[in-house]
Amino acid sequence: PGSGLSMEVDHEPPAVPGIRPAAAVAAAAPPARYFRFCHSASYRTSQRELEEAIELGDPQLLQEVVRRYPCQVDGLLLLGEYCGKVGQREVGAELTERALHCLEHALHPLCQLLDGSARLRWAVAANRPLFLGLFRHMIGCGRRGLHRTALEVGRLLLSLDPDADPLRVLLHLDHYALQAA
């Protein structure tokens, strides 16, 4: 609440006749629902300030934006990436987890990530922070030796947009599966 982030149902794909009977689909898995993140006017203001800080290329300004707007997900992810590149991986992982926490609080009540029915399209720019945050979290878990966790995060990430797989998560899953065994 108060973060400026929310989520709405984007669309539900229409049934394609002749593919599978509706009863078989209902028995096999819940129907896929597409969602998209939405930004309030105040969040868009913080986004503009973040873009200005990025244009100037000053990490201090980026830090200031994140301090003023603690739920600015793109800012948290950028600052986390910067921290990782300067050798502060623990701080970077913490910022990524904060970003994921903010995104989790914005989820729509119908968006059940763990049952495999929630879909988010990478093509929607507002959805990308969730993809990037989960991807970085997966890589960070793998680096810390949490291979089973990395595998499960990767499976979740792949389930969000399985047809596109924009971050090529499928290339990582076999590695984590072998390490977790």
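The values are calculated or read from the model by the stated rules, or taken from the named source; none is laboratory data. Bear in mind that the values here come from a model prediction, so they are computed numbers and not experimental data. Note that we place each Cβ from the backbone using ideal geometry, even for glycine, and neighbour counts take in every protein chain shown. Ligands, DNA and RNA are stripped out before the accessible areas are found, and what is left, the full protein with its side chains, is counted by its heavy atoms. Shrake-Rupley method; radii C 1.70, N 1.55, O 1.52, S 1.80 Å.
Isolated cysteines of the chain, defined as having no other cysteine beta carbon under 4.7 Å away, are Cys38, Cys83, Cys111, Cys141. Judged by the mean number of other Cβ atoms found within 10 Å, the most tightly packed of the peptides 83-90, 35-42 leads the ranking 35-42, 83-90. For the chain, the per residue solvent-accessible surface stands at 58 Å², with DNA, RNA and ligands left out and a 1.4 Å probe. Solvent-accessible area assigned to carbon and sulfur over the chain amounts to 56 percent, based on a 1.4 Å probe.
Computed over all pairs of different Cα atoms, the Kirkwood value for the hydrodynamic radius of segment 27-96 is 13.5 Å. Run through all the Cα pairs of segment 45-181 and give the fraction in each 10 Å bin from 0, expressed as whole percent. The distribution over segment 45-181 is 12, 39, 35, 13, 1, given as percents. Work through the residues other than Leu95 whose Cβ is under 13 Å from its Cβ and net out their charges, Lys, Arg +1 and Asp, Glu -1. Its environment carries a net charge of 0.
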